[in-house]
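Please read the structure below before turning to the comments.
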Amino acid sequence: MSFHFHISIIKKLKLLLFCSFTYINIHHSSYHSAVYMLYVVGRVCGVTYLDNIMYVVCDKSSTIRLYNKDTLSRLRVVNNVEGMILPRDIVVYRHDRQLYVAECYCIWRVSVDDHSYVKWLTTQSSTDRFHVTKLSLTKRRLLVTSSHDPPTVRQYSTTNKELLCVVQLSQFVKYLRHAVETTHGTFVICHQGTLEDKEQHAVSELF
């Protein structure tokens, strides 16, 4: 997903639950501009897209809502994931056409084509327990961000759910907001807490 397109979607869908839009043509002095305005209620937790369809998850909803990427109109088709209560993020793997949806203590995998779903990974066991707050995908590697208690980044294979690595973070990282893997194998994190100031926000690359 291009960075600029992602930011554009987030701005348009920041508080989306029920969506309608109005096309406004503004004429002022010597210029014209077009504005898409959304009337929305609720809270969007994650947005991704595949082909010309956007997939949106909202707080306290078991439904994945579908929108036309170009017109922003809502599609009649929805994916209802029974058992999903508090989605936190959503990403898509284009090659196998699977959605991955983060919930507090699990990750769901949902087929784009037949809408089948499965609780793909649980994050509670007798030996380990962590919150899932954000997801990102690079090739067949799923990066799972846990924001606090403690902040961690785990990398899993989408092929067999194998835990590939746990990314080592600085002891000064107090809160982790997001993490992505770069194309050259490093990790970029958005976090709170630095060597200079435990309240400072920063973006860091881990080698």
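The values are calculated or read from the model by the stated rules, or taken from the named source; none is laboratory data. Predicted, not measured: the structure shown is a model, and the values here were computed from it. Note that we place each Cβ from the backbone using ideal geometry, even for glycine, and neighbour counts take in every protein chain shown.
Which condition breaks for Pro87 when tested against (1) crowded, with 21+ Cβ neighbours inside 10 Å; (2) not in a loop (DSSP other than H, G, I, E, B)?
The one condition Pro87 does not meet is (2).
Quick one: which strands (runs of 3 or more DSSP E) lie wholly within the range 118-207 and hold at least 1 residues that are among the aromatic types (Phe, Trp, Tyr) and surrounded by 19 or more Cβ atoms within 10 Å (Cβ to Cβ)? Give the steps one after another, and end with the answer.
Details: elements: 134-138, 141-146, 152-157, 163-167, 175-181, 187-192, 201-206.
Once the strands (runs of 3 or more DSSP E) in the range 118-207 are filtered for at least 1 residues that are among the aromatic types (Phe, Trp, Tyr) and surrounded by 19 or more Cβ atoms within 10 Å (Cβ to Cβ), what remains is 152-157, 187-192.
Taking the options Ser111, Ser147, name whichever one is of a type in the set (S, T, N, Q), under 15 Å from the mean Cα position of the chain (by Cα) and within 24 Å of Asp59 (Cβ to Cβ).
Working: Ser111 fails: under 15 Å from the mean Cα position of the chain (by Cα).
Matching residue, one of Ser111, Ser147: Ser147.
Leu17 is checked against (1) in a loop (DSSP other than H, G, I, E, B); (2) surrounded by 12 or more Cβ atoms within 10 Å (Cβ to Cβ); (3) at pLDDT 55 or above; (4) not β-branched (Val, Ile, Thr) and fails just one. What number does that condition carry?
(3)
Is it the case that Asn79 is surrounded by 20 or more Cβ atoms within 10 Å (Cβ to Cβ), at pLDDT below 95 and over 24 Å from Arg154 (Cα atoms)? Quick ask: steps written out before the conclusion?
Values: surrounded by 20 or more Cβ atoms within 10 Å (Cβ to Cβ): yes; at pLDDT below 95: yes; over 24 Å from Arg154 (Cα atoms): yes.
In short, yes.
So, in the range 114-131, of the ones that are of a type outside the set (S, T, N, Q) and at pLDDT below 95, which residue ends up nearest to the chain's Cα centre (by Cα)? Full working, then the answer.
Filtering the range 114-131 for residues of a type outside the set (S, T, N, Q) gives 114-115, 117-121, 128-131.
Next, only the ones that are at pLDDT below 95 stay: 114-115, 128-131.
On the way: Asp114: 21, His115: 19, Asp128: 23, Arg129: 21, Phe130: 17, His131: 15 Å.
Selected residue: His131.
Mind telling me which of the residues Lys174, Lys198, Lys119 ends up being of a type in the set (Lys, Arg) and within 20 Å of Thr48 (Cα to Cα)?
Numbers: Lys174 fails: within 20 Å of Thr48 (Cα to Cα); Lys198 fails: within 20 Å of Thr48 (Cα to Cα).
Just one listed residue meets the conditions, Lys119.
Asn52 passes all but one of (1) of a type outside the set (Gly, Ala, Ser); (2) loosely packed, with under 14 Cβ neighbours inside 10 Å; (3) closer than 19 Å to Cys190 by Cα; which number fails?
Condition not satisfied by Asn52: (3).
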